[in-house]
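> I have a structure I would like to understand better, so I am pasting it below and will then ask my questions one at a time.
The values are calculated or read from the model by the stated rules, or taken from the named source; none is laboratory data. Keep in mind the model is a prediction, meaning the values are calculated, not measured. Note that each Cβ is placed from the backbone with ideal geometry, even for glycine, and that neighbours are counted across all protein chains shown. Keep in mind that these areas ignore ligands, DNA and RNA; they rest on the heavy atoms of the full protein, side chains included. Shrake-Rupley method; radii C 1.70, N 1.55, O 1.52, S 1.80 Å.
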Amino acid sequence: LVQGVLGEVSDRSLLFRCSLKRSLYDFDGGGDSCDSNMNDYDKTTAFLGQWGRFQQIVFFLLCASIVPNGFAAFSVVFLTDIPSHHCLVPEVNLTQDWRNAIIPIEVVHGKQRLKRCSRYRLDVVRNLSAQGLFPDRDVNLTDLEQESCVNGWSYSRDIYQSTIVSEFDLVCSDQWKQPFTSTVYFLGILIGAFISGQLSDRFGRKPVFFATLAVQTFFSFVTIFSPSWTVFFILFFTSGLGQYSNYVTAFVLGTEILTGNVRVMFSSLGVSLGFAVGYMTLPLLAYFLRDWKSLQLAISLPGLLYFPLWWFIPESPLWLLSQGRVEEVETIVRKAAKMNKVEAPQVIFDDYSVHADETNAHPKQHHNVFNLLRTKNIRNMTFILCLVWFTLSTGYSVLSLNTSRLDSNSYLSCFLSAAVEVPAYISSWLALRYLPRRLSTICVLLLGGVSLYFIQLVPETLSDLSVALEMLGKFGISTGTALMFVYTAELYPTVLRSTATGTCSTVSNLGSCIAPSLIHLSEYFKYLPYITMGTLAVMSAFAAFFLPESFGRPLPQTIQQMQSMKCPFIPRKDHSKPVVLFESQL
């Protein structure tokens, strides 16, 4: 969303799991595939054009449906932020001097602050106050016994009216619940992405799209009424199931409806910018809605606006064809032709029924995740790609969730973190069109890793420089995240492409799940998260050097063709016409 996340945060890898998984012509697992299916559909519907009224409606409505995912994905930045707090001092008979001194002072990262989890014993302080003694003059405070916050905590309202931390007292002995809440949410995203892929393959893209939208909207709303943290994190986990699934299904639906350059624009820029716009909207909402319940309400209600889209967004024609529902596809295409004011042929999909019958006569060879470990070449490639995906997802999630700690103005920091994704996605699109994949991946990993390493060298007085370096690191990691979706898909053959991208996606989402705990390491050493991410990025850049190049080369159709892709690169003997996801126009 997420893309990250997801990174993205945003997981485009399931495109290949859903849209390339089924094929009308997959006779023996090693020949024609979903690529030919998609290409044949493009040729058959070429008379519609690529940018008529029908395509414009689908393009903009699906991009608009991604916007709420942007501000919901990282709402945890504000929902789970920890306000300044200290032990609550009840209304008892204390002089003002003792009331000011009852909370001990501690030094954290070179700065003094009130202790958050202890105070001087109230009964002792009350006796000293009654005797007319003064702190630090008559009494040495370091000699006084301390106690825990038996009366609760007092939370600062300078930034937030409330968060779930202040609502459910997720501090001190319960502080582990704060990062665990974010982890549970990302686990919901991980499981939801997997389940939605299976469901959309079986029941269709459109029903799953609106079903997951309903899950996201409803459970985000009911979290407001949570009586306890336990109820909240269960509901929050369930809302995560729908949040990311909605994004993935919308992405797949758009790539299967649109064709040609419009499909490329939608999959590479449309959904990414839609997510970025939503992400940039989040700090604006949080700035005006300082109470966590109000913010959660504002995040959930926009989902209601998208249910009328049922009558405007069609089912995926490719999925319908894979189910043999040719008549429904013809209805959709003829309606699109009418909207685009073009004349449709009398018979559009006559050959598809013939191919479908032939497909049923030939058994398919099924492949699974163990095929990714079958040979040394494929196994090494898979391990390297999983490492890169894990690094990018972890870095993206950490840098996105860490914005509330960057600067005193957490709203501005979050906006900058979101805004930097716009040039990152544009850069990734340009790199995909004109630059080699391996070189691009290595460069963005080094850019992100080195930038994060340098943060520890910046003096405390130059906080703006630290923010700039972190934003530069976020730019590199966001660019790399977008690149890897395409790079991975181009390296694997058709029969393994869905499995490989799904596996890498799962590994990357595990990185998102540990991101909240990685941020928590800063409590022990401020720069430890940056050092960890920088190390991972540099290691991944070195590992990526051993990946094959795929730019401008034919997509491998069989495992044998993939095995010939070695580093240093071996020229191919395949003289078939190249089929690439993004081809240079130079």
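> For region 368-564, build the charge dipole from Cβ charges (+1 Lys, Arg; -1 Asp, Glu) around the Cα centre, then report which of Ala419, Asn380, Trp429 sits farthest towards its positive end.
Looking along the dipole axis, the top candidate is Asn380.
> At a Förster radius of 35 Å, what calculated FRET efficiency corresponds to the Cβ-Cβ distance of Phe525 and Ser148, to the nearest 0.05?
Working: r = 26 Å, r/R0 = 0.73.
Efficiency computed from Cβ-Cβ geometry: 0.85.
> Please work out the average accessible area per residue across region 447-542, using the 1.4 Å probe convention, and give it in Å².
34 Å²
> Is the shape of region 368-564 best called rounded, prolate or oblate, per the rule: a/c under 1.5 gives rounded, else a/b larger than b/c gives prolate, else oblate, with a ≥ b ≥ c the square roots of the Cα gyration tensor eigenvalues?
Since a/c reaches 1.5 and a/b is larger than b/c, the shape of region 368-564 is classed as prolate.
> Still on this structure, please answer the following. Could you give the accessible area per residue of region 85-155, probe 1.4 Å, as a whole number in Å²?
Values: 4360 Å² over 71 residues.
Ligands and nucleic acids excluded, the figure is 61 Å² per residue.
> How would you classify region 415-462 from its alpha-carbon gyration tensor, with a ≥ b ≥ c the square roots of the eigenvalues: rounded for a/c under 1.5, else prolate if a/b is greater than b/c, otherwise oblate?
oblate
> Turning to a different aspect of this structure: How large is ³J(HN,Hα) for each residue in region 468-482, as worked out from phi by the Karplus curve 6.51 cos²θ - 1.76 cosθ + 1.60 (θ = phi - 60°), to whole Hz, x for Gly and Pro?
Values per residue, Gly and Pro as x: 4, 5, 5, 5, 5, x, 5, 4, x, 5, 5, 4, x, 4, 5 Hz.
> Please compute the length gained on full extension between Leu297 and Cys172, using 0.36 nm multiplied by the number of residues separating them and subtracting their Cα-Cα distance.
Gain on extension, Leu297 to Cys172, equals 42.2 nm.
> Between Gln112 and Arg137, what is the label-point separation in nm under the 7 Å Cα-to-beta-carbon projection?
That separation, rounded to one decimal, is 1.8 nm.
> Let me ask something else. Decide, for region 85-155, between rounded, prolate and oblate: order the square roots of the alpha carbon gyration tensor eigenvalues as a ≥ b ≥ c, take rounded if a/c falls under 1.5, and otherwise choose prolate if a/b is larger than b/c, else oblate.
Oblate, because a/c is 1.5 or more while a/b does not exceed b/c.
> Run the accessible area of region 405-541 with a 1.4 Å probe and give the carbon-and-sulfur part as a rounded percent.
Ligands and nucleic acids excluded, carbon and sulfur give 74 percent.
> In addition: Between Ala419 and Ser228, what's the calculated FRET efficiency when r is the beta-carbon distance and R0 is 35 Å? Round to 0.05.
On the way: r = 37 Å, r/R0 = 1.04.
Taking R0 as 35 Å, the efficiency between Ala419 and Ser228 is 0.45.
> Quote the FRET efficiency, to the nearest 0.05, computed for Gln198 versus Asp464 with a Förster distance R0 of 45 Å and r equal to the Cβ-Cβ distance.
Computed FRET efficiency for Gln198 and Asp464 comes out at 0.45.
> Another question, if that's okay. I'd like the Karplus ³J(HN,Hα) series for region 87-94: coefficients 6.51, -1.76, 1.60, θ = phi - 60°, whole numbers in Hz, and an x wherever there's a Gly or Pro.
Working through the residues one at a time gives 4, 6, 9, x, 6, 10, 7, 10 Hz.
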